[in-house]
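Notes follow once the structure below has been shown.
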Amino acid sequence: MDMRGEIVRTLTLAVAVVVALVVLGFGLAQQGIPHSGNLSGFSGAAPQGGHPVPPASISRLLDLSSGALGESDPSGYPIYNSSTVLASLPPVIPNTQPVVVQLVHDFIVYRNNTSVPTSREAISGSFVAPQSPTGWALILLKFNGSASGVVYDSGYSFNVDNNTLLWGTSPEYGNWTVYRNLTLYEALFTGKVYWQWNSPGTIVQGRFESNITLYFYPADAQFPATSEPNLIIPILPSMSSFDYHLTPSKPYVTSEVTVPSDVYRAEIQIWLYGFSFQEFWYSNEPSFNMLLVNVSNRAVASVLPFPYINTGGIDLFAWRPVTGAFTLHDRFYFEDVTGDLGFIEGTHVWNFSMPDLAYPYFVVTASLLLYTSPSASPATPGPYYFSMSPVTTVQVGIPGVSQQAYFNQSMDYSYSSTSVFRMDGKIAIATDSASGSFINNQSLTPIWENLTQSEEMQFVSTVSVGHQSSISVVQYNFPLRMDTLFEIQITKTTNGGYPMYGFATFGLTNLLQSWEQVSVSNGIVTTINNTVTSNDSFVTSQLELISPTAGLLGAVSHASGFTSKDLKVSVRSVSSGIVSGYEHEIVAGSNNLYGPDYIQPILYERLIFL
């Protein structure tokens, strides 16, 4: 994902050398995916944070046939002629008639040749939000995207009133659809709403096209309105999502925020993504990254970044059509901060920092989701605790130089805080605690890398009001393993120097990438597991090296690869034991992939209901 619009592709190798590649030997034109049969009967969607989805028994069916998706009915998804398979599924669709608001219609970002800049990449506007006397059962965003010509994986985002609500990475060819449940943010959709769409836009010669539609479904007896935050404050206010960069020379960003004093529940939503060298996290040594959020020198939130794989990442063709975990629909990190109300209420400076950041750069956005009431009194701070171990690093040899090198890192942390306030005249005691650990092991030769990594986070919030207590828990686990290969064979030089000509082979095998999340709230246990594996993914092509760190890829002589994805979502009631949810499995691959798009044919697909 390259936001700079450059015409060179940057690829960090297993030997920790950055090589810039321009794909010249093939075009990334639109092409359909051979696929037989169809799926139906889906309901539900992976919820954000600890917000559960309704039970599956009352949903419409998801139609995955080749029929076109009508603008008034987002419950279907056309799978044919698509460059991705199920980028994201729609949530439960109410039976009520939606109010449809089309925000972006055929917005095209293009570049006709490399001598001219890309056309404008963002569009913004406003609209008056619709109203419903019964409230909203669902607010759904649908994004249809397409790419043609020679384009690269590019970031896109949708923002409302300086809050980022959707982020993802585009494929490099074809068509795709992303659904995003925005009901959590219904407080933003009142009165006049200001929005901005940042389109994918990293293009050599080609175009991206975007269409965005909002669907507002009125609540009824079968689909009642849910209790959502009634105030959303952008901590890092941005309509572009590219404004806040963390770099080694300035690994922090600050913002002054005013929080009212009538809050009885508070959550922070954080989006964090690495670009430039951080886009190629798999060859970074040192590898450790962590975001800390401090207010008045107290930690209120933290993130160990998920190792996303872009649609052109590691191996150019491994993600066609099965993308990495949540690549087209990045997930936000949620942490309850009710226990911090005693020192975040009022006006304070919030500090977002990555003190151990070694490579540029990360982009961060954040919002506060607040539940307010006239019955809630101002909070006072209670006990506070923070502990973080040093980052332990063990290095043997020089990565990328020694015939065999090792680079291992580990750390752990924990913190907690308590606040006291009154709710309906009763004393309320809120306590938040967090803990986490990071382990990364890398074994390297000059052409090969073996990597294993584990990131774990747990956030626990307890609120006691009188004799009543409630507890919510969110656990994140990001296991990772992979082997990468990059080998160059030089057959010709220019008087012993550059440019040099030959062949390059790069590959990916033994990959396991997984987002595992368990949330417990109000007697509901929500489990999300999105696991992607890739094996025998190799590409051999002609190569022109124009410098020690940059080159041009020519014609591809061989490409192979197998990719699978397994997405499981389940919602279980603790009291009744009733479980609802689904599991979607898909496998694609071939020992011989063919141009111009080198698509892995779908071999197996299954959808199971719990």
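The values are calculated or read from the model by the stated rules, or taken from the named source; none is laboratory data. Bear in mind that the values here come from a model prediction, so they are computed numbers and not experimental data. Backbone-built Cβ (ideal geometry, glycine too); neighbour counts: all protein chains shown. SASA here: full protein model, heavy atoms, side chains in, ligands and nucleic acids out. Shrake-Rupley method; radii C 1.70, N 1.55, O 1.52, S 1.80 Å.
Computed values, structure above
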| item | result |
| --- | --- |
| Zone of PHE503's modelled label, taken as backbone nitrogen in segment 544-575 under 12 Å from a point 7 Å along Cα→Cβ | 556-559 |
| Stretchable slack from ASP106 to THR380, in nm (0.36 nm times residue separation minus alpha-carbon distance) | 93.5 nm |
| Phi to ³J(HN,Hα) by Karplus 6.51 cos²θ - 1.76 cosθ + 1.60 over segment 262-278, Hz, x for Gly, Pro | 10, 9, 10, 8, 9, 10, 10, 10, 10, 10, 9, 8, x, 10, 6, 4, 5 |
| Residue-normalised accessible area of segment 102-190, expressed per residue, 1.4 Å probe, Å² | 32 Å² |
| Solvent-accessible surface ranking, highest first, for MET423, MET482 at 1.4 angstrom | MET423, MET482 |
| Förster-model FRET efficiency, 35 Å R0, HIS558 and LEU610, C-beta, rounded to 0.05 | 0.25 |
| Cα→Cβ-extended label distance, 7 Å offset, between ILE447 and THR494, nm | 2.5 nm |
| Spin-label zone in segment 361-391 - amide nitrogen under 18 Å from a point set 7 Å from the Cα of LYS250 along the C-beta vector | 361-366 |
| For SER419, solvent-accessible area (1.4 Å; no DNA, RNA or ligand), Å² | 0 Å² |
| Amide H contacts of MET239 (H built 1.01 Å from N, under 5 Å, at least 5 apart or other chain) | none |
| Under 15 Å, Cβ to Cβ, from ALA219 - net charge with Lys/Arg +1 and Asp/Glu -1 | -3 |
| Cα→Cβ-extended label distance, 7 Å offset, between SER437 and MET388, nm | 1.9 nm |
| Listed peptides 295-301, 247-253 by packing density, highest first (mean Cβ within 10 Å) | 295-301, 247-253 |
| Distance between modelled label sites at ASN113 and ASP412, nm, 7 Å Cα→Cβ extension | 6.2 nm |
| THR134/GLU583 FRET efficiency (R0 51 Å; Cβ-Cβ; nearest 0.05) | 0.95 |
| Charge tally in the Cβ shell below 14 Å around SER580, where Lys, Arg are +1 and Asp, Glu are -1, SER580 excluded | +1 |
| Environment charge at ASN510 (Cβ cut-off 12 Å; Lys +1, Arg +1, Asp -1, Glu -1) | -2 |
| Amide H contacts of LEU166 (H built 1.01 Å from N, under 5 Å, at least 5 apart or other chain) | PHE158 |
| Note, ³J(HN,Hα) from phi for segment 368-375, Karplus 6.51, -1.76, 1.60, rounded to Hz, x at Gly and Pro | 9, 9, 10, 10, 10, 7, x, 7 |
| Extension gain (nm, one decimal) between ASN592 and GLN404, 0.36 nm per residue minus Cα-Cα | 64.5 nm |
